[in-house]
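Peer 1: Encoded as structure tokens, here's the structure I'll be asking about.
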Amino acid sequence: MIIRVKVQTRASFERVEETGLDEYKVWVTAGAHDNQANEALIDVLSDFFDIPVSRIRIKSGNKSTNKLIELE
């Protein structure tokens with residue numbers, strides 16, 4: 001399954017909100033430096049969808065706030 005994600009970094013707490021069909025907004029507390037926000041995003045999505053981290057991959061948007069995420 002492919003989903004679209006808009007990431008908000010440096011939030012006060014982490015959460016996920018569904019904004020449309022297969023579209024989500026995710027708030028992470030980590031900053032965008034050293035790939036920390038991407039790692040935090042994967043952790044938050046893993047908890048939200050209740051799947052292992054190893055089954056989540058960023059398909060595009062590694063350095064963008066808009067990402068395409070593949071969930072296996």
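Just so it is clear, none of the values below were taken in a lab; they were calculated from the coordinates. Treat the numbers as computed from the prediction; the structure is a model and nothing was measured. Neighbour counts run over all protein chains shown; Cβ positions are idealised from the backbone, glycine included.
Peer 1: Among the residues of the range 48-55, is any among the basic types (Lys, Arg) and part of a strand (DSSP E or B)? Steps first, please.
Peer 2: Filtering the range 48-55 for residues among the basic types (Lys, Arg) gives 55.
From what is left, the residues that are part of a strand (DSSP E or B) are none.
No, every residue in the range 48-55 fails to be among the basic types (Lys, Arg) and part of a strand (DSSP E or B).
Peer 1: Of the conditions (1) touching a residue at least 60 places away in the same chain (Cβ under 8 Å); (2) assigned to a loop (DSSP other than H, G, I, E, B), Val7 satisfies every one except a single condition; which number is it?
Peer 2: (2)
Peer 1: While we're looking at this one, here's another question. Testing Glu70 on (1) in contact (Cβ under 8 Å) with a residue 40 or more places away in the chain; (2) of a type outside the set (Ser, Thr, Tyr); (3) buried (at least 16 other Cβ atoms within 10 Å of the Cβ), one condition comes back false. Which one is that?
Peer 2: Condition not satisfied by Glu70: (3).
Peer 1: Inspect all residues belonging to the range 18-37 and state whether any of them is part of a helix (DSSP H, G or I) and of a type in the set (Asp, Glu). Break it down into steps so the answer makes sense when it comes.
Peer 2: Kept after step one, since they are part of a helix (DSSP H, G or I), are these residues of the range 18-37: 33-37.
This time we only want the ones that are of a type in the set (Asp, Glu), so: 34.
Yes - at least one qualifying residue is present in the range 18-37.
Peer 1: Let me ask something else. Of everything in the range 37-60, what is closer than 18 Å to Glu14 by Cα and of a type in the set (A, V, I, L, M)? Give them in sequence order.
Peer 2: Ala37, Ala40, Leu41, Ile42, Val44, Leu45, Ile51, Val53, Ile56
Peer 1: Every residue in the range 1-28 that is touching a helix residue (DSSP H, G or I) at 6+ places or on another chain (Cβ under 7 Å) and farther than 14 Å from Ile58 by Cβ, please.
Peer 2: Within the range 1-28, Thr9, Glu14, Val16 qualify.
Peer 1: Now, a different point. Is it the case that Lys59 is assigned to a strand (DSSP E or B), loosely packed, with under 13 Cβ neighbours inside 10 Å and over 11 Å from the mean Cα position of the chain (by Cα)?
Peer 2: On the way: assigned to a strand (DSSP E or B): yes; loosely packed, with under 13 Cβ neighbours inside 10 Å: yes; over 11 Å from the mean Cα position of the chain (by Cα): yes.
Yes, satisfied.
Peer 1: Condition first: surrounded by fewer than 17 Cβ atoms within 10 Å (Cβ to Cβ), within 16 Å of Asn66 (Cα to Cα) and either in contact (Cβ under 8 Å) with a residue 12 or more places away in the chain or among the charged types (D, E, K, R) (or both). Now tell me which residues in the range 21-34 satisfy that.
Peer 2: Asp22, Glu23, Lys25, Gly31, Ala32
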